[in-house]
Each structure stands twice: as structure tokens, then as C-alpha cells.
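I have placed the structure first, in the form of C-alpha cells, so that the comments after it can refer back to it.
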Amino acid sequence: MPFTDDILIIGGGIVGLAIATELKLRGASVTVLSRDFEQAATHAAAGMLAPHAEAFASGAMQDICLRSRALYGDWVAKLEDLSGESAGYWPCGILAPTFAPVDENSDSSPPHLTNAPHQSPASSSFKSLDALQRSTPTPPNGAATSPAGALWLSAEAMHQAQSGLSHAITGGWWYPEDGQVDNRALAIALRAAARAAGVVIREGVAVTGLEQQSGAFNSGSSQKIACLKTSEGDWQADHYVLATGAWTSDLLPIPVTPRKGQMLSLTMPPGYAHGLPLQRVLFGDDVYIVPRRDGRIVIGATSEAVGFIPGNTPAGLGALLQATIRLCPGLAEFPIQERWWGFRPATPDELPILGSSLCDNLSLAVGHHRNGILLAPITAQLLADQVLGHSTVPSERESPEALLSAFSWRRFVHSPVPPAAAASIPQFLPSRSSSSTPSSTPTMLHYPTLVDAVQFTESSAPALPEDAPLTIAGRTFRSRLMTGTGKYPDFDTMRQSVSASGCEIVTVAVRRVQTKAPGHEGLAEALDWSKIWMLPNTAGCKTAEEAVRVARLGREMAKLLGQENNNFVKLEVIPDAKYLLPDPIGTLQAAEQLVKEGFAVLPYINADPLLAKRLEEAGCATVMPLGSPIGSGQGIQNEANIRIIVETSKVPVVVDAGIGSPSEAAHAMELGASALLINTAIAQAKNPVAMGRAMGLATVAGRLAYLAGRIPIQNMASASSPLTGTITS
Ligand code: GLY
């Protein structure tokens, strides 16, 4: 492995650089791998430091944001010392004007933006604003209590605090302790400071995967990252810190998604001679306006859940400009200087994910959403404490561990849902529990397995053949049916069908869960993973490389759902969109790599006996030949080859794809398949729950028939009633 270092930071945005600098200043050897500095949200932000104006619902979030704001002045001073660059820190306070609900546009003559009386830093302007506030101490709209850190200002006081505001404002909140930093200047200073401190920054290195130590999964030992796969080879370190912003879920299946923000900036008109047009950050309902000391005015921001779609739109910029002019009409004539967009790293609860991960040597510092700039200093302190194992955060009430606990990734770990209580199984189906349960009571479904089939027989019947459980990669399963999660009309039907089928393994398309494809939002949470073994699959991957990457994500996804030792992956490498036939070469390449990484690989293949052998030799846990193309319902079209695979394989043979009916399921099992994977035929049946049950029973019947040994096929009839011993005339 060519590169090693004590600590590798993945991500060269403000969070990654801040942690790197802190660790370096505490004596660690640190390298930052940065894919593209320009893409980081750091660059796109406005730099507001607004724990009060943002008014967080979460107490823990409010707490760390306030702590971080309190660190800002000293932190910036330290960076400026190290770098010799100014970071543009300006604790100028934030004004949040309010409008009357109606008649707000009666203001026809835009007020002038002139040099307001208070240009000094907020500390000196507090006094005069406090005096203004004392003249109108309560908001006229009847708000009983002030928001934290806020003072109410009358309209007159607002205009004195900042000239140029709309005459339609009725007053507003003044957040004297909030402020701003010029985030682009800060980024330059921070990079220079990191370098000056001795941090190595490798720009243009894209991390494509986190490789875990193989063999750790079944041993029960703690898990570790073995190395990083990157665009420049493998990198190894004692410890890794993930600070990858909106791109985090490319590497780990934790719920961080991009939230696009469009922004623009204005500049002072030529010949503008009134000094700085604005001296406070203005925080409106639909817009914020952040004046810089060089006269630039930054305006933000939309908040759009559109994935990574780049670009500015007329709707986005139009809305920002309209809200700006409403708040500050004089800005209508200011030239537009620049427009841009960026991607905030959002989590479902909009709080960051900080601290330890499931791997001992990997820490997380992601999901800062709207507050990455603000939270950089406290994130750096807390993460450095966590990585180095000792605390420097002074706290009267709470330890740093307690501070971090509110931001643990574990808050997104699935809590199991109760199993489906009722299912719409037609009453004629054999179900011990339904026959003994009053029809008004929900029927608890039981799993039809070979054990159940045996129990249905008369006690006097001859002994039934014994069957070993299905064993894959050392793990045993009672059911020989696997199902999927796609194509169901709804989650409830899916849950009930899975339950009715009796299956213990359910495959999940990692990509669709990751990207929250339609019908997949909440899918991972819809099943009780304490009872069902997850088989993450690489559906949607066209190349071996993609499949390996998605398999790694799948492994993390299973962990997050509570299956910490699950190293299974159903490997699909499918470049062909029409017949969805797998690429044998890509499948073999990906299988070899994944086996090396410690995965239990279940490859989906065409029914090719030689390929099956090669995969078995490569160390795959099963082979999964298709009966016919996925979802086609054509049944077993490759019978001769499946027979050869069954005959020659030492690993379980799972017939996957094409089965359309229970008779075909039973047929595949009669051929000697070890198990089946059925999705479409169940999910798209008129009654998926009943079909799930039918497929479960058919799998059992087929297995039992295989063990029982069918009669040979003959050309001629053989009478059912023996002729010997009959009475002849
Ligand atoms: N920090 C403000 C925003 O993300 O838009």
C-alpha cells in the first residue's frame, strides 16, 4: 500500500479542513483527501453565523451551535495567525424584519440605502440598538416571549438600525450576537492555515470506497476500515474521518442527501458614494441578505430536494430577487455580480452526524445541512477529542461524549416494526392458526416450511425424508424461498406477502434505497430485520466497478438496519436493459474482488455451468442461475443447464428469475435447486399475499418431492393396479 498516514480525512471542505487542522495542532500526522474543493458547500454558503436567528427546535443543536459561535472569534484569529490571510469574520448582528400581513406593497418610493450610523462591529452598536429596543420592548403582534437571543425592535428602530429597509416593515427581531464570516475568505485562510500547520492536502483525489478488513464479519470481532480505494490507488491510515458533505452516501449508507441552494450576489452600482449599503445581515422569511465589508451583497438561498441537479433557474433566482426587493427596495438597482448554487448535506432530522461509526477506526463528521460554516470550530474540537480519546471541550454540564451522543448515526438505526398481524389469505389455504382462530380476529401467519409440511401428515404415516437446513456462507435458514421488495402495490402488501411466503431472506436493491427511487422511500424500514436476513443486491449496476461500490454500500446498509455481521451481497452486473441478462465477465471480476473483501457473494448468472464453476472456485457462497429473464414469468427455460449446475455445484444453487407460478417454483425445486428467489410473480399477482403463501408452499412441496425421489419417465404405460395375483377366468 503506497500511502500511509496517522489520520486520513476524507473531504476537503470546511469541516474536513477544520478537523485536520485541529488534529495536526494537537500533534497528529494528518492528510486530507479532497476531491474538488470548488464543489464543497463551503464555497457556496453565505457564511451566516446564526444560531439565534435559525431558531433550532433541537436543544442539542442549539447548544452546539451556540458553543461554536462562541469559539468563532478565537478560532478565526488562530487561522489568520497561521495563514496570514483575513477570514472576514464580522459579528455584525442579524436583523429579521417582519411585515404586516396585508397592504405591504403600498410603499412606492424606494428608501435610499445610505450609510447608517452604526458601522462599527456589533459590540459598539449593541448599546444604541439596546436603547432603541427599550423604547418599544414588546412586539406589537402580541408575541408573548422573545425568541432566544432576540430583542424586538419597532419599525422606527429597525430603520435606524439599518437604512434602506422597506417602509412596509412593522418591526423585527434583532439578534445582536449572531453574525457572519466571509466563507470564501475563510476557506482560503483555513487551507493556508492547515498547510502552515503541516497538514498534507491532496487535491483531486476521489475516494471511491471504504474497504473493510475481510474476515471480521463472522468472527464477532470489532470492524475496521482496511484501506481507502481512491482515484490514486489505495490509502491506509490508523484512523479515518469522513467529512464528505452532500456526497457522503456514495461511501456509506447513512441518510445524507443533497439539498440544493441557489444564490447570487450584487455589487455596488458604479459611483455609489454612500459607504456600505448594508451593515447587518437581513434574515427574511424567504431570503437572507449578507453584506460583505467589500461592498458585495450575498443573497440566498433556495432549498430544493432535487438531488444533484446543477444550475440556477429563473424560478429560483426570481424568487430570491423578489424577496430581496420586497425587503430592501433600493437593492433593485444594484448590478448582479455572480450567481451560483451548492448542495447542503441534509439529514432527515436536519442535525449533523458526528462521532464514532460501526468501524473502530472511522469517525463521522457529516450532515451539517445549513450550518457547516457555523459548526466548523466545535466539530473540529469534538472530533479531535473523539479521535484522540481525550477531551478539551470545557463543559459545566455535559461531557463531550454526551454532546456527541445527540448526533450519533445510531439515531437512524431502524427499530423493528411488529410483524404483519393480518393478511388477506383466502380461507381455503391450509393454515393451522387460521383454522383455530375466530374469523373476526386477525390471523397470525406462520411460515410454511418443510417442518410444517411434515406436521400436516398423519402421525401414522411413514417417516418423511430428513432435510438439512439451507446453509449459505455458514448461516442456516429454515426456508428455501427468498423474495424481493420491488413492484409491490404498497409496503403493507409487501410485508404481508413476505410473511405469508415464510421466506427468511429478502433481497433489497441498494441503489434504489439509497436514491430513494419512487416506491423505495422508507422501504428499508418497512420490514422487521430482526427476523429477516437482508440480501442487499446490486441491481442497476452495469459494470463490475459499480457493483463493487454498491455492494460496499449494501453491507453498510445492512449494518445500519441492525445486521452488523451481514456480509451477504446478491451480485448483479447487468448492462443489458432489454433482457436484463447479466454480464458474465463483469460478474466474475466483481465476484473475485468482493470475495477478497470478505463478502459472501451470491452472483446472479445466466445458467452457464462453466461460469457457475468459475464463480464457485472464486469463492462465491452460492450461484444464482436464472430460469428465464427477470420478471418475464416464462418459467424454467434453461432446464438442461440448471440440471448440470445442480449436479456439478458444491455451493447452493438458487434459481433466480423467471418463475411465474407455484408449479414452476415446485418444478425448479424438483430439479434439485437448493433455493429459489421469486419477486415479480408474487408482487404483481392479483393477490400478492396469497401468491406469497402459494410460492412458499410450492417451494416446500418441490423440495419434499426432490427428497422423496420422483419416478422415472418411461415411454410406455405401467398400470396402476398390479396384474399379478388377480383372478383370471
Ligand atoms: N446557512 C443558510 C443556508 O444554508 O441557506
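The values are calculated or read from the model by the stated rules, or taken from the named source; none is laboratory data. What you see is a predicted model, and the numbers here were worked out from it, not measured in a lab. In this analysis, Cβ positions are derived from the backbone assuming ideal geometry, glycine residues included, and neighbour counts consider all displayed protein chains. Surface areas here come from the heavy atoms of the whole protein model, side chains and all, with no ligands, DNA or RNA. Shrake-Rupley method; radii C 1.70, N 1.55, O 1.52, S 1.80 Å.
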Just how much of D81 is accessible, in Å², when a 1.4 Å probe is used and the result is rounded to the nearest 10?
-> 130 Å²
Under the classification rounded if a/c is under 1.5, otherwise prolate if a/b is larger than b/c and oblate if not, where does the range 256-318 fall, given a ≥ b ≥ c as square roots of the Cα gyration tensor eigenvalues?
-> prolate
Per-pair calculated FRET efficiency, R0 = 22 Å: E647 and S718 via Cβ, rounded to 0.05 | 0.25
Computed label-point distance, nm, for sites S86 and H274 using a 7 Å Cα→Cβ extension = 2.3 nm
Net charge contributed by nearby residues that have their C-beta within less than 13 Å of M61 (K/R +1, D/E -1) = 0
Inter-probe distance in nm under a simple model that places probes 7 Å from Cα toward Cβ, at S58 and Q160 | 4.0 nm
Provide K78, K531 ordered by accessible surface of protein heavy atoms (probe 1.4 Å), highest first.
-> K531, K78
With all protein chains in place and a 1.4 Å probe, F343 shows an accessible area in Å² (nearest 10) of 20 Å²
Cα gyration tensor shape of the range 539-614, rounded if a/c is under 1.5, else prolate or oblate by comparing a/b with b/c | prolate
How do the peptides 319-331, 84-96, 493-505 rank, highest first, by the average count of neighbouring beta carbon atoms within 10 Å per residue?
-> 493-505, 84-96, 319-331
Under 22 Å Cα-Cα from K686, which lysines qualify once same-chain neighbours fewer than 8 residues away are excluded?
-> K487
Label point distance in nm, Q634-S29, each placed 7 Å from Cα along Cα→Cβ = 5.9 nm
T313/T476 FRET efficiency (R0 56 Å; Cβ-Cβ; nearest 0.05) | 0.55
Tally Lys and Arg at +1 and Asp and Glu at -1 over the other residues with C-beta under 13 Å from the C-beta of E556: what net charge comes out?
-> 0
For K650, go through the lysines and keep the ones whose alpha-carbon is under 19 Å away, minus same-chain ones fewer than eight residues off.
-> K570, K613
Taking H as built 1.01 Å from N, whose amide H comes closer than 5 Å to the amide H of W529, not counting residues under 5 places away?
-> V417
Quote the relative contact order of the range 246-386 in percent (integer), defining contacts as alpha-carbon pairs under 8 Å separated by 6+ residues.
-> 28 percent
Classify the range 262-383 as rounded, prolate or oblate from the Cα gyration tensor: take a ≥ b ≥ c as the square roots of its eigenvalues, call it rounded if a/c is under 1.5, otherwise prolate when a/b beats b/c and oblate if not.
-> prolate
Could you pull the accessible area for L677 with a 1.4 Å probe, rounded to 10 Å²?
-> 10 Å²
Largest to smallest accessible area among K542, K578, K260 [probe 1.4 Å] | K578, K542, K260
Sorted by accessible area with a 1.4 angstrom probe, largest first, how do W409, W341 fall?
-> W341, W409
